[in-house]
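Before any comments, here is the structure.
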Amino acid sequence: MIVDVLTIFPGMFEGPMSESIVGLARERGLLELRCHDLRTWTHDRHRSTDDAPYGEAGMVMKPEPIFEALDAVQVLEDEPGLVVFFTPSGRPLNQGLVESLSHMHRLVLVCGRYEGFDERVLTRAGLELSIGDYVLTGGELPAMVLVDAVSRHVPGVLGDEESAAEESFSEGLLEYPQYTRPREYRGLRVPDVLVSGDHGKIDAWRREQSVRKTARVRPDLLAGASLSTQEHAIIRDELNRGDRPEEG
């Protein structure tokens, strides 16, 4: 996968995108990440990428550097790639979208700053994306989040192809609890079923714990999950438990 990033702060990507899974993916040639400084396409001595908006206060990203940067960067490959702008009004990022984007050969990510973009640049957007209902100082962190999430699904990146499929949200449920050695620590024990050696019981326990945890923490996710009659009963039990008054 090739990812081009247009930003006024390319240095922000050097550390986070050189470590851990993303760093290994880049070393192995499975992910090519190229950061381009938008100031390269400015034409004044101050290298300005922003200007005051008509009719209100604040500063907005100018159209010229972004249009010219896209013109220059998209022709670096035979495939122009999907152009992604990070905006508060964009489509919410979720696991389904992450998996869909991981099949793209190339992404071009445009990072905004200040009060946002001149509306005209959004005519170049293939996708407007938001990572949550909160305000950040720019699009660089959302871009890193997207690269990290998507790169995990690029074939060969994780090594174990099943590990990404078993993670939280992959089936519309949160992941089940995980344990490792020692079996007991400070009076807290690993559930007996996990050391029973009975893989059928272990799978059933994990599934039930996923359903229970999702019902407690993220019940909004359950609408997209495929659930059995028994699992619907488990959900009702968890929801009823949450409605019960505390004793004491």
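The values are calculated or read from the model by the stated rules, or taken from the named source; none is laboratory data. Since this is a predicted model, take the numbers as computed values, not measurements. Ideal geometry is used to build each Cβ from the backbone, glycine not excepted, and the neighbour counts take in all protein chains shown. Protein only, heavy atoms only, side chains kept; ligands, DNA and RNA dropped before computing areas. Shrake-Rupley method; radii C 1.70, N 1.55, O 1.52, S 1.80 Å.
Just to verify a result, which residue in the stretch 9-61, among those that are of a type in the set (Ser, Thr, Tyr) and more than 29 Å from the chain's Cα centre (by Cα), is most open to solvent (accessible area, probe 1.4 Å)? For the stretch 9-61, the residue satisfying everything is Tyr54. Out of Gly138, Gly126, Gly116, one residue alone is out of contact with any helix residue (DSSP H, G or I) (no Cβ under 8 Å at 6 or more places or on another chain), open to solvent by 10 Å² or more (accessible area, probe 1.4 Å), within 23 Å of Gly11 (Cα to Cα) and at pLDDT 95 or above. It is Gly138.
With respect to the stated conditions, Ala149 fails to be among the aliphatic types (A, V, I, L, M) and open to solvent by less than 10 Å² (accessible area, probe 1.4 Å). Looking only at the stretch 92-108, residues that are part of a strand (DSSP E or B) and either under 11 Å from Val150 (Cβ atoms) or touching a helix residue (DSSP H, G or I) at 6+ places or on another chain (Cβ under 6 Å) (or both) come to 1 in all. If you go through the stretch 72-90 and pick out every residue that is exposed (fewer than 14 other Cβ atoms within 10 Å of the Cβ) and closer than 13 Å to Met1 by Cα, you end up with 1.
Taken over the stretch 181-224, the residue count meeting the criterion of being within 22 Å of Glu238 (Cα to Cα), β-branched (Val, Ile, Thr) and open to solvent by 40 Å² or more (accessible area, probe 1.4 Å) is 1.
Looking at the structure I just gave you, is Leu97 of a type in the set (A, V, I, L, M) and surrounded by fewer than 20 Cβ atoms within 10 Å (Cβ to Cβ)?
Yes, satisfied.
The set of residues in the stretch 142-161 that are part of a helix (DSSP H, G or I) and not polar (S, T, N, Q) comprises Pro142, Ala143, Met144, Val145, Leu146, Val147, Asp148, Ala149, Val150, Glu161.
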